[in-house]
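*Asks:* Input: one structure, supplied below.
Bear in mind that the values in this text are calculations on the coordinates, not laboratory data. Please read all numbers here as calculations on a predicted model, not as lab measurements. Cβ placement follows ideal geometry from the backbone for every residue including glycine, while neighbour counts extend to all protein chains displayed.
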Amino acid sequence: MRGKQAKKRKLDPDAKYGSVTVSKLINYILKDGKKSVATRLVYSSLESSSEKLQKDPLVVLDMVIKNVGPLVEVRSHRVGGATYQVPIEVSKNRRLALALRWLIQATNDKKGADFATKLSNEMIAAYNNEGNAIKKKIDTHKMADANKAFAHFAKY
């Protein structure tokens, strides 16, 4: 690795809820620099999902991230000519990033309604431990479980 490791930038909390997590979700949805559009989509989907579940929007989002975020994943590790899929624990920051990414990917894969409605429906499904984002987490855990024999190759 050349040069220095890039420093983590501090993200400002969003205006409505004062949450850095909501801010990250907005930035993940952001397209072509249209932050106001992304903000409107996130706020409307958070409100509609919280109305349907009768919970606070931040509680809903935290539960969705907790349900979607993987605990283990596999990483390729080359040992003597062979490449093994080695299961490793996922850090808190990566868990959040993967959860948000998978949530948005599952939303984009759906057809039909507008993005805010699709995101709201996916969040409700993830809150109830169902949906495509949860399926992605389960598949990741299955892959890690299937390759746990190679766990001793992990660097700690």
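*Asks:* Starting with the highest mean, order 55-62, 95-102, 13-20 by the number of other Cβ atoms within 10 Å, averaged over the residues of each peptide.
*Replies:* For the peptides 55-62, 95-102, 13-20, the packing ranking is 95-102, 55-62, 13-20.
*Asks:* Further question on the same structure: In nanometres, what is the gap between the two model label sites at GLU51 and ASN128, each 7 Å from Cα along Cα-to-Cβ?
*Replies:* 1.8
*Asks:* Cut-off under 16 Å on the C-alpha distance; same-chain residues fewer than 8 positions from LYS34 excluded. Which aspartates and glutamates are left, in chain and number order?
*Replies:* Within reach: ASP14.
*Asks:* Amide H neighbours of VAL72 under 5 Å, at least 5 residues apart or on other chains, H built in the peptide plane: list them.
*Replies:* VAL90
*Asks:* Would you mind putting 110-121, 26-37 in packing order, based on average other-beta-carbon counts within 10 Å, highest first? Please report the intermediate quantities before stating the final value.
*Replies:* Values: 110-121: 16.2, 26-37: 13.3.
Peptide ranking by packing, descending: 110-121, 26-37.
*Asks:* Provide the per-residue ³J(HN,Hα) series for region 6-17, in order, calculated from phi with Karplus coefficients 6.51, -1.76, 1.60 and θ = phi - 60°, each as a whole number of Hz, with x at glycine and proline positions.
*Replies:* Values, residue by residue: 5, 6, 5, 8, 7, 9, 6, x, 6, 6, 7, 9 Hz.
*Asks:* Between PHE153 and VAL37, how many nm apart are label points set 7 Å from Cα along the C-beta direction?
*Replies:* Placing both labels 7 Å beyond Cα along the Cβ direction yields 4.4 nm.
*Asks:* What is the spin-label model distance, in nm, from LYS7 to ASN93 if the labels are put 7 Å beyond Cα along the C-beta direction?
*Replies:* 1.3
*Asks:* Given Cβ point charges of +1 (Lys, Arg) and -1 (Asp, Glu) and nothing else, what value in debye, to the nearest 20, does the dipole of the chain about its Cα centre take?
*Replies:* Working: 30 positive and 15 negative charges, 173 e Å.
Dipole of the chain, to the nearest 20 debye: 840 debye.
*Asks:* May I ask you to sort THR21, THR107, THR83 by Cβ crowding, counting other Cβ atoms within 10 Å and putting the fewest first? Could the numbers behind the result be given before it?
*Replies:* Values: THR21 18, THR107 23, THR83 10.
By the 10 Å Cβ count, ascending: THR83, THR21, THR107.
*Asks:* Moving to a separate point now. Rank-order 125-131, 75-81 by packing density, defined as the average count of other C-beta atoms within 10 Å over each peptide's residues, highest first. Don't skip to the answer; put the middle values down first.
*Replies:* On the way: 125-131: 18.7, 75-81: 9.3.
Per-residue mean Cβ counts within 10 Å order the peptides as 125-131, 75-81.
*Asks:* Compute for the chain: radius of gyration divided by Kirkwood radius, i.e. Rg/Rh, restricted to C-alpha atoms, rounded to two decimals.
*Replies:* Values: Rg = 17.6 Å, Rh = 17.1 Å.
In the chain, Rg relative to Rh is 1.03.
*Asks:* A further question on this structure: Determine ³J(HN,Hα), in whole Hz, for all residues of region 67-82 in sequence, where each value follows from phi through the Karplus function 6.51 cos²θ - 1.76 cosθ + 1.60 and θ = phi - 60°; x replaces Gly and Pro.
*Replies:* Listing the rounded values in order: 6, 8, x, x, 8, 9, 9, 9, 10, 6, 9, 8, 10, x, x, 9 Hz.
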